[in-house]
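Visitor: Can you keep this structure in mind? I'll have questions shortly.
The values are calculated or read from the model by the stated rules, or taken from the named source; none is laboratory data. Treat the numbers as computed from the prediction; the structure is a model and nothing was measured. Glycine gets a Cβ as well: all are built from the backbone with ideal geometry, and neighbour counts include every protein chain shown.
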Amino acid sequence: MNHHNVLILAYYFPPMGLSGVQRLSKFVSYLPDYGWQPYVVTTGPTPYYAEDQTLLAEVEASGATIFRTEPSKRAQRLLAAGPVKMPRERIRRTISKLSSALYVPDNKRHWAQKAMALAREVIAQHPIDVIFVSGPPFSIVMAGAQLSAETGIPFVADYRDLWYGNQFHSYPTLWHKHRHTQYEHQTLARASRITVTNRRMKEYLINTYKYLDFRDVVIIPHGWDANDFPADYRPAIQHNRSDAPFKLTFTGTFYDVVTPVPMFKAIRKLRKERPDMRIELHFAGMLRDEYKRKARRMKLDDVVIDHGYLPHKASVELLTQSDALWLMLGETRNVDSWAPAKFYEYTGTRKPILACVPDGALKQDAASYKASWITDPMDVPAIKEAVSNMYDRWLAGTLPTPDLTYVNSLQRQLQAQELGRTLATALRVV
């Protein structure tokens, strides 16, 4: 096997937690198995809502070489002040809109400049074959393109979400729209290859930027890692136990159009109709205080169980101990290409999934999974009926099983192998 070096630029990287970190950390962990040695340029100590030292230990054990930028004075002050708490959703949205107006392409521009300076030093000291950068933030993707232009090293851009047209970004003026599309055009024109998480995103990019064709854009979906599960893991056989509640679990963060309120309303109605139902809603991640208060007002205190933020393997363990899993997407701009990572990790459990999602890539993938109930995200009666049906199937021991061919296609090792092939292709097209 030929061995090559890949320079990876990543803002979201362990010990940061949450789902945006996992795609990059798994790539870094498994690329050495396929002939690629990662050199990672990322942040130094940074205030963030979640920390996961287990993910950091995993990437360090892979043998990756990690370089970190120096923290800013502001970051040092925030770190000294203690843990960062996620703000109320109304405040978060206001901050997001202000950031969209003030910073193009995003508020990580200053860090991207620091990362680029550090990356130049790494390139001077190590024989780098390919530059790989994942967005968002897209300021660091622009930095990767600039490094490629300076050095002649081929550059591969990874899209976890869309850049222009991102479902959470706002464009207050025509100038903002023009600037984003201009930057994106210039950046992708420099890329030897582009990786995306689903077909809808690939189609969007090819239709938007006519110089791209189907070979330029490679689909590498989100996935699940067998090594995060116990070696002897098997989905539990369902038993009708009179003392056991039906455990329905959500992992991740609620923000913007992702809200637990429709589920709360559905469960409240269901409990009135079926007072003998034994059910628990488990949450791991960032369940804001405002949603906890909402649950109390709806008299769901005995149903909602908040585990807080868990290290990644502990989060997976909670999924394996659940009877069924749930995810929610709301309706928003370009939602058809939005496919959050949590669904794909859910598939590794082989548990039934309730997907409250609009039309789009994720709805298609939930259908491909087979062991799924799919509803509109805001249709409370449909959510109620889906939970009721899942509960009855659980009582009867007849919950469905997924399409294992589809599940196995989403393993992280296979995705790292595909990325290795894509990086090798980028070498040949320069």
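Visitor: Of the residues in the stretch 18-42, how many are in contact with a helix residue (DSSP H, G or I) (Cβ under 7 Å, 6 or more places away or on another chain) and outside any helix (DSSP H, G or I)?
Guide: Qualifying residue count, the stretch 18-42: 6.
Visitor: Of all residues being among the charged types (D, E, K, R) and farther than 16 Å from Lys313 by Cα in the stretch 214-229, which is surrounded by the most Cβ atoms within 10 Å (Cβ to Cβ)? Just the residue, please.
Guide: Residues of the stretch 214-229 that are among the charged types (D, E, K, R), as a first pass: 215-216, 225, 228.
Imposing the further condition that a residue be farther than 16 Å from Lys313 by Cα reduces the set to 215-216.
On the way: Arg215: 9, Asp216: 17.
Selected residue: Asp216.
Visitor: Moving on to the next point. Cβ-Cβ under 6 Å, sequence separation 6+ or interchain: first residue in the stretch 48-63 and outside the structural domain of Glu317 (by TED's automatic domain parsing), partner among the aliphatic types (A, V, I, L, M). Which pairs?
Guide: Tyr48/Met16; Tyr49/Val84; Tyr49/Met86; Ala50/Leu18; Val59/Val28
Visitor: Among the candidates Lys313, Lys342, Lys299, single out the residue that is within 30 Å of Ala57 (Cβ to Cβ), out of contact with any Gly (no Cβ under 6 Å at 6 or more places or on another chain), touching a residue at least 24 places away in the same chain (Cβ under 8 Å) and of a type in the set (D, E, K, R).
Guide: On the way: Lys342 fails: out of contact with any Gly (no Cβ under 6 Å at 6 or more places or on another chain); Lys299 fails: within 30 Å of Ala57 (Cβ to Cβ).
Sole residue among the options that is within 30 Å of Ala57 (Cβ to Cβ), out of contact with any Gly (no Cβ under 6 Å at 6 or more places or on another chain), touching a residue at least 24 places away in the same chain (Cβ under 8 Å) and of a type in the set (D, E, K, R): Lys313.
Visitor: Take residues that are closer than 19 Å to Arg278 by Cα and touching a Leu at 6+ places or on another chain (Cβ under 9 Å) and tell me which of the helices (runs of 4 or more DSSP H) falling wholly in the stretch 317-417 contain 2 or more. Spell out how you get there, then give the answer.
Guide: Working: elements: 341-347, 361-369, 380-396, 404-408.
The helices (runs of 4 or more DSSP H) meeting that bar are 380-396.
Visitor: Looking at the stretch 391-424, which of its residues are hydroxyl-bearing (Ser, Thr, Tyr) and crowded, with 16+ Cβ neighbours inside 10 Å?
Guide: Here is the first cut: in the stretch 391-424, the ones hydroxyl-bearing (Ser, Thr, Tyr) are 391, 398, 401, 405-406, 409, 422.
Selection gives Tyr391, Thr422.
Visitor: Sticking with this one: Select, from Ile66, Ile131, the only residue that is modelled with pLDDT of 95 or more, of a type outside the set (Asp, Glu) and surrounded by 18 or more Cβ atoms within 10 Å (Cβ to Cβ).
Guide: Numbers: Ile66 fails: surrounded by 18 or more Cβ atoms within 10 Å (Cβ to Cβ).
Every option except Ile131 fails the conditions.
Visitor: Right, next: Sort out which residues of the stretch 14-72 are in contact with a strand residue (DSSP E or B) (Cβ under 6 Å, 6 or more places away or on another chain) and of a type in the set (A, V, I, L, M), and write them in order of number.
Guide: Leu24, Val28, Leu31, Val40, Val41, Ala64, Ile66
Visitor: Any residue at all in the stretch 230-245 that is surrounded by 14 or more Cβ atoms within 10 Å (Cβ to Cβ) and within 21 Å of the chain's Cα centre (by Cα)?
Guide: no
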